[in-house]
1. Name the residue, out of VAL99, VAL71, that is closer than 17 Å to ALA19 by Cα and surrounded by 14 or more Cβ atoms within 10 Å (Cβ to Cβ).
2. What number of residues within the range 84-94 satisfy the criterion of being surrounded by fewer than 20 Cβ atoms within 10 Å (Cβ to Cβ) and either in contact with a Leu (Cβ under 7 Å, 6 or more places away or on another chain) or more than 18 Å from LYS45 (Cβ to Cβ) (or both)?
3. Pull up the range 7-30, narrow it to residues that are within 22 Å of PRO102 (Cα to Cα) and among the polar types (S, T, N, Q), then point me to the one that is surrounded by the most Cβ atoms within 10 Å (Cβ to Cβ).
4. Enumerate the pairs (first residue in the range 36-58 and without any contact (Cβ under 8 Å) to a residue 12 or more places away in the chain and of a type in the set (Asp, Glu); second residue anywhere and surrounded by 15 or more Cβ atoms within 10 Å (Cβ to Cβ) and in a strand (DSSP E or B)) with beta-carbon separation below 6 Å, excluding pairs fewer than 6 apart on the same chain, so at least 6 apart or on different chains.
5. Name the residue that is farthest from ASP7 (Cα to Cα), counting only residues in the range 44-56 that are in contact with a strand residue (DSSP E or B) (Cβ under 6 Å, 6 or more places away or on another chain) and open to solvent by 40 Å² or more (accessible area, probe 1.4 Å).
6. Is it true that GLY65 is without any contact (Cβ under 8 Å) to a residue 24 or more places away in the chain and at positive phi?
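The values are calculated or read from the model by the stated rules, or taken from the named source; none is laboratory data. Since we're looking at a predicted model, the values are computed, not measured. Backbone-built Cβ (ideal geometry, glycine too); neighbour counts: all protein chains shown. All accessible areas refer to the heavy atoms of the entire protein, side chains included, with ligands and DNA or RNA removed. Shrake-Rupley method; radii C 1.70, N 1.55, O 1.52, S 1.80 Å.
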Amino acid sequence: MKAFRLDELEAERAANDGAYMQFLRERNMSAGLYALDAGELDPQKPHQQDEVYFVVSGRASITVGLETTQVARGSVIYVPAGVAHKFHHITEDLRVLVVFSPPES
């Protein structure tokens, strides 16, 4: 078993000065923590993997393909592989758990 605490993962991510930190990689999936501060721009490009976002904290909008919705703590978003997507209008610091399947390259 592998167990993680989000507060410890966030502290490690912040200490490494990166917006994204992968903390788990297995044969069929990987998981990481993604952070964007209020007002920041999301530099993402489409991924080759399906992904699921779980919003841990913060508020923003996300556009996936041609659809846009608002997200906040507790939101879950599925993004199919190859589809353009970005968080935007980030009004509160955003912390998102990301799961890729298969694992992110």
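1. It is VAL99.
2. 4
3. Initially, the range 7-30 is screened for residues within 22 Å of PRO102 (Cα to Cα), giving 9, 19-30.
After this cut, where a residue has to be among the polar types (S, T, N, Q) as well, the list is 22, 28, 30.
Numbers: GLN22: 16, ASN28: 8, SER30: 20.
Looking at the filtered set, the residue picked out is SER30.
4. none
5. Among those that are in contact with a strand residue (DSSP E or B) (Cβ under 6 Å, 6 or more places away or on another chain) and open to solvent by 40 Å² or more (accessible area, probe 1.4 Å), it is ASP50.
6. Yes; evaluated as a whole, the condition is true for this residue.
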